[in-house]
Amino acid sequence: EPEVTQTPSHQVTQMGQEVILRCVPISNHLYFYWYRQILGQKVEFLVSFYNNEISEKSEIFDDQFSVERPDGSNFTLKIRSTKLEDSAMYFCASKSNEKLFFGSGTQLSVL
Amino acid sequence: ELKVEQNPLFLSMQEGKNYTIYCNYSTTSDRLYWYRQDPGKSLESLFVLLSNGAVKQEGRLMASLDTKARLSTLHITAAVHDLSATYFCAVEEKAGTASKLTFGTGTRLQVTL
């Protein structure tokens, strides 16, 4: 079965540093997403992306966050200046007509 | 704003018993997902329920959707230890040109031997 691939699986960074989380969605999917899950909490929507632009973003997705699809296959989430509260598991997802497929996640730890 | 509530939040049950997890949501939606998550792992899709009255079954799990009541249930039959995990429901709503999922709080299921 096709899968969404995320790298790295773990990322440790210092507060204030920039991080880029990478995702390779399933190849024929058109909709792409980032979600995050703080430890022990529910999964929260960050942003959706369609036709090379942001479709919707949540209140969490402030000016420190950005997404890109630079080469037609990769889909990245950048956090410009990380804060302690950005520590979470970040999930990329892509969607066919019916089903949403999640990647295995990147665990981001901000120290 | 769409709210999705699950109950119970935590469920400890013995092997062989039956139980139901409930998922209530606050606004109209015709699509609801159930996911399983093992500790530190990703979200495994269990069911996509697309219409009112939809019922799907896979092994010991059965999910149903009542869009009029804004309620979905996940029924566990004759639980086994391998079903221990956290289960999330998620409701889909339109978001710009795409859609997005709003997740419930999750139900942590522990099946004891």
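The values are calculated or read from the model by the stated rules, or taken from the named source; none is laboratory data. Small disclaimer: the values here were computed from a predicted structure and weren't measured. Positions of Cβ are backbone-derived with ideal geometry, glycine not excepted, and every protein chain shown enters the neighbour counts. The accessibility values were calculated without ligands, DNA or RNA, using every heavy atom of the protein model including side chains. Shrake-Rupley method; radii C 1.70, N 1.55, O 1.52, S 1.80 Å.
Inspection of segment A:99-110 finds a residue satisfying the criterion of being within 17 Å of A:Glu44 (Cα to Cα), open to solvent by less than 10 Å² (accessible area, probe 1.4 Å) and in a loop (DSSP other than H, G, I, E, B). Restricted to segment B:39-57, and to residues there that are farther than 20 Å from B:Glu5 by Cα and within 14 Å of chain A (Cβ to nearest Cβ), the residue that is surrounded by the most Cβ atoms within 10 Å (Cβ to Cβ) is B:Ser42. Residues of segment B:40-58 being touching a residue at least 12 places away in the same chain (Cβ under 8 Å) and of a type outside the set (A, V, I, L, M, F, W, C), which ones? The answer is B:Ser45, B:Ser51, B:Asn52, B:Gly53, B:Glu58.
For segment B:62-98, residues that are without any contact (Cβ under 8 Å) to a residue 24 or more places away in the chain and either within 10 Å of chain A (Cβ to nearest Cβ) or part of a strand (DSSP E or B) (or both) total 8.
Is there a residue in segment A:32-42 that is touching a Ser or Thr at 6+ places or on another chain (Cβ under 6 Å), closer than 14 Å to B:Ser42 by Cα and open to solvent by 50 Å² or more (accessible area, probe 1.4 Å)? Spell out how you get there, then give the answer.
The first filter runs over segment A:32-42 and keeps only residues touching a Ser or Thr at 6+ places or on another chain (Cβ under 6 Å), leaving A:32-33, A:42.
So of that shortlist, the ones also closer than 14 Å to B:Ser42 by Cα come out as A:42.
Of the ones still in play, those that are also open to solvent by 50 Å² or more (accessible area, probe 1.4 Å) are A:42.
So far as segment A:32-42 goes, yes, one or more of its residues are touching a Ser or Thr at 6+ places or on another chain (Cβ under 6 Å), closer than 14 Å to B:Ser42 by Cα and open to solvent by 50 Å² or more (accessible area, probe 1.4 Å).
Answer yes or no as to whether B:Arg36 is open to solvent by less than 60 Å² (accessible area, probe 1.4 Å) and part of a strand (DSSP E or B). Before the answer, list the steps.
Values: open to solvent by less than 60 Å² (accessible area, probe 1.4 Å): yes; part of a strand (DSSP E or B): yes.
The answer is yes for B:Arg36.
Does segment B:9-26 hold any residues that are touching a strand residue (DSSP E or B) at 6+ places or on another chain (Cβ under 7 Å), open to solvent by 50 Å² or more (accessible area, probe 1.4 Å), more than 14 Å from chain A (Cβ to nearest Cβ) and touching a residue at least 60 places away in the same chain (Cβ under 8 Å), and which are they? Give the steps one after another, and end with the answer.
From segment B:9-26, those touching a strand residue (DSSP E or B) at 6+ places or on another chain (Cβ under 7 Å) are B:9-15, B:18-25; that's our starting set.
Within this subset, residues satisfying the condition of being open to solvent by 50 Å² or more (accessible area, probe 1.4 Å) are B:9-10, B:12, B:14-15, B:18-19, B:22, B:24.
Among the residues that remain, those that are also more than 14 Å from chain A (Cβ to nearest Cβ) are: B:12, B:14-15, B:18-19, B:22, B:24.
The answer is B:Ser12, B:Gln14, B:Glu15, B:Asn18, B:Tyr19.
Filter segment B:28-42 for residues that are touching a strand residue (DSSP E or B) at 6+ places or on another chain (Cβ under 7 Å) and either of a type in the set (Gly, Ala, Ser) or within 14 Å of B:Glu92 (Cβ to Cβ) (or both) and give the result. If the condition is that a residue be touching a strand residue (DSSP E or B) at 6+ places or on another chain (Cβ under 7 Å) and either of a type in the set (Gly, Ala, Ser) or within 14 Å of B:Glu92 (Cβ to Cβ) (or both), then B:Ser29, B:Arg31, B:Leu32, B:Tyr33, B:Trp34, B:Tyr35, B:Ser42 are the ones that fit.
Considering each residue of segment A:63-81, count those that are outside any loop (DSSP other than H, G, I, E, B) and within 18 Å of A:Ser94 (Cα to Cα), and give that number. Can you show your working first?
Within segment A:63-81, the first condition is being outside any loop (DSSP other than H, G, I, E, B), and the residues that meet it are A:65-68, A:75-79.
Checking the rest, the ones that are also within 18 Å of A:Ser94 (Cα to Cα) come to A:66-68, A:75-78.
Residues that pass the stated criteria total 7.
Under the condition of being assigned to a strand (DSSP E or B) and under 22 Å from A:Gln41 (Cβ atoms), the residues counted in segment B:100-113 number 8. Selection over segment B:40-51 of residues that are part of a loop (DSSP other than H, G, I, E, B) and closer than 17 Å to A:Arg36 by Cβ gives a count of 3. Condition check: within 13 Å of another protein chain (Cβ to nearest Cβ) and not aromatic (Phe, Trp, Tyr). Does A:Ser66 satisfy that? No, not satisfied. Taking the conditions (1) hydroxyl-bearing (Ser, Thr, Tyr); (2) closer than 25 Å to A:Phe45 by Cβ; (3) open to solvent by 10 Å² or more (accessible area, probe 1.4 Å) in turn, B:Ser72 satisfies each one other than (3). Looking at segment A:70-89, is at least one residue within 11 Å of another protein chain (Cβ to nearest Cβ), of a type in the set (Phe, Trp, Tyr) and either surrounded by 15 or more Cβ atoms within 10 Å (Cβ to Cβ) or in contact (Cβ under 8 Å) with a residue 60 or more places away in the chain (or both)? Looking for residues that are within 11 Å of another protein chain (Cβ to nearest Cβ), of a type in the set (Phe, Trp, Tyr) and either surrounded by 15 or more Cβ atoms within 10 Å (Cβ to Cβ) or in contact (Cβ under 8 Å) with a residue 60 or more places away in the chain (or both), one finds none in segment A:70-89, hence no.
The residues of segment B:99-113 that are over 21 Å from B:Ser51 (Cβ atoms), at the interface with another protein chain (Cβ under 8 Å from one of its Cβ atoms) and surrounded by fewer than 21 Cβ atoms within 10 Å (Cβ to Cβ) amount to a single one, B:Thr105.
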